[in-house]
Amino acid sequence: MDSTELRIAAVVPCHNEEASVAKVVADLQAAVPGIVVYVYDNLSTDSTAERAREAGAIVRHEHTKGKGNVVRRAFADIEADVYLMVDGDDTYEASAAPMMIKTLLEGPYDHVLGVRKQDEGASAYRTGHETGNKVLNGVVGKVFGENVEDMLSGFRVFSRRFVKSFPAVSREFEIETELTVHSLHLRVPQTAVPVGFRDRPAGSESKLRTYHDGFKILALIIGLARHERPVAFYGLFGTLAWLVSIILTIPIIVEFYNTHTVPRFPTLFLGFTLLLLGSLAWTAGVILDGIRRSRHEAARLVYLRYTAVGADDPRITGDGAATRAGGAGR
């Protein structure tokens, strides 16, 4: 497979990564000949931009703090056929990039996830991060009904049609979760491959705040569940309201049947209020599910506007004439 005619772009979000960014750029260029590496400097206070530029990367600046803001800007600005996203901390093995790109093209897939596999005895995962990642993977799997292997991985490869149909509304580290959920709700063809994961180089420090960012990601998952599974989300609250209503009102109804009096009218009023609220919750869920379906159909139509890049693409098969025609068509 010859993919040299394809435009392959690497997006490398960075914040104070002067100790590692040059090696990341060099490794990507060595692993994937012809790749264009874009380093997005996100409010760094060190020499990240200078080191990246010296290594041969195109350096751009995003002045709104947050990885999500960087990815949104990069996906909007960069035009390519294949997009590779990797962190600038040199914890991922760049040597896996050719295999991931080949997998994307041969599928053809729209999303290839790099599942982190650290060496035995290594400590690349910070305390609690691996456990937290597994918990979040399980939550997303339950909510969306599909298995998720490594939702928080920062090493991914995308097709053009995935990138250009991705809304990217997250601001910070929730972006990986949003990418995963986008691929699930749009049902794009995707797969996962194992990639090496190692310790940060000396002088490099993680920007992820375990509890703060973990709760933000969990809040995002809850919000996405509300938007993507409204019947289940609102139906849960509606059913709980009905159950409490039944528990409160049945004794009063029985007492009324026996004595023809209602001695606990406030409790009866609360029970019927909960019954009404439960019915409203179910109604809201059903209505929002119809809106969700319309949103998904619109998103799918946007997705289908872009052609797949795969094994039948003339630029990959080496047909020069077809390559030029395909390029002119774009």
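The values are calculated or read from the model by the stated rules, or taken from the named source; none is laboratory data. If you're wondering where the values come from, they're calculated on a predicted model, not measured in any experiment. Reconstructed Cβ throughout: ideal geometry from the backbone, glycine too, with neighbour counts over all protein chains shown. For accessibility, only protein heavy atoms count, side chains too; no ligands or nucleic acids. Shrake-Rupley method; radii C 1.70, N 1.55, O 1.52, S 1.80 Å.
Numbers at a glance
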quantity	calculated
Residue in the stretch 97-110 that is buried (at least 23 other Cβ atoms within 10 Å of the Cβ), of a type in the set (D, E, K, R) and in a helix (DSSP H, G or I) present	no
Residue, nearest to residue 177 (Cα to Cα), within the stretch 64-78, restricted to residues that are in a loop (DSSP other than H, G, I, E, B) and modelled with pLDDT under 95	66
Where a residue in the stretch 1-28 is open to solvent by 10 Å² or more (accessible area, probe 1.4 Å) and its partner, wherever it lies, is aromatic (Phe, Trp, Tyr) and modelled with pLDDT of 95 or more, with Cβ under 7 Å and at least six apart	13/40
Test: residue in the stretch 145-160 that is among the aromatic types (Phe, Trp, Tyr), over 20 Å from residue 78 (Cα atoms) and at pLDDT 85 or above	no
Selection count where residues are in contact (Cβ under 8 Å) with a residue 40 or more places away in the chain, within 17 Å of residue 182 (Cβ to Cβ) and open to solvent by less than 40 Å² (accessible area, probe 1.4 Å), scope the stretch 132-142	2
Check on residue 66, of a type in the set (Gly, Ala, Ser) and open to solvent by 40 Å² or more (accessible area, probe 1.4 Å)	no
Unmet requirement for residue 211, which otherwise passes all of (1) within 12 Å of the chain's Cα centre (by Cα); (2) modelled with pLDDT under 85	(1)
Count of the stretch 39-58 residues which are surrounded by fewer than 21 Cβ atoms within 10 Å (Cβ to Cβ) and in contact with a helix residue (DSSP H, G or I) (Cβ under 7 Å, 6 or more places away or on another chain)	3
Residue check for residue 307: out of contact with any Ser or Thr (no Cβ under 7 Å at 6 or more places or on another chain), at pLDDT 65 or above, outside any helix (DSSP H, G or I) and under 24 Å from residue 107 (Cα atoms)	yes
Residues of the stretch 1-53 that turn out to be within 16 Å of residue 90 (Cβ to Cβ) and assigned to a helix (DSSP H, G or I), as a count	14
Subset tally (residues that are assigned to a helix (DSSP H, G or I) and either touching a Lys or Arg at 6+ places or on another chain (Cβ under 8 Å) or open to solvent by 90 Å² or more (accessible area, probe 1.4 Å) (or both)) for the stretch 258-276	6
Residues that are of a type in the set (A, V, I, L, M, F, W, C) and surrounded by fewer than 20 Cβ atoms within 10 Å (Cβ to Cβ), drawn from the stretch 76-91	76, 78
Subset of the stretch 151-179 (residues that are outside any loop (DSSP other than H, G, I, E, B) and touching a strand residue (DSSP E or B) at 6+ places or on another chain (Cβ under 6 Å))	156, 157, 158, 162, 163
Enumeration of residues in the stretch 218-230 that are open to solvent by 50 Å² or more (accessible area, probe 1.4 Å) and hydrophobic (A, V, I, L, M, F, W, C)	218, 219, 222
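Every residue, every condition in (1) open to solvent by 20 Å² or more (accessible area, probe 1.4 Å); (2) over 20 Å from residue 300 (Cα atoms); (3) touching a residue at least 12 places away in the same chain (Cβ under 8 Å), yes or no:
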| site | (1), (2), (3) |
| --- | --- |
| 154 | no, yes, yes |
| 161 | yes, no, yes |
| 168 | no, no, yes |
| 173 | yes, yes, yes |
| 180 | no, no, yes |
| 184 | no, no, yes |
| 191 | yes, no, yes |
| 195 | no, yes, yes |
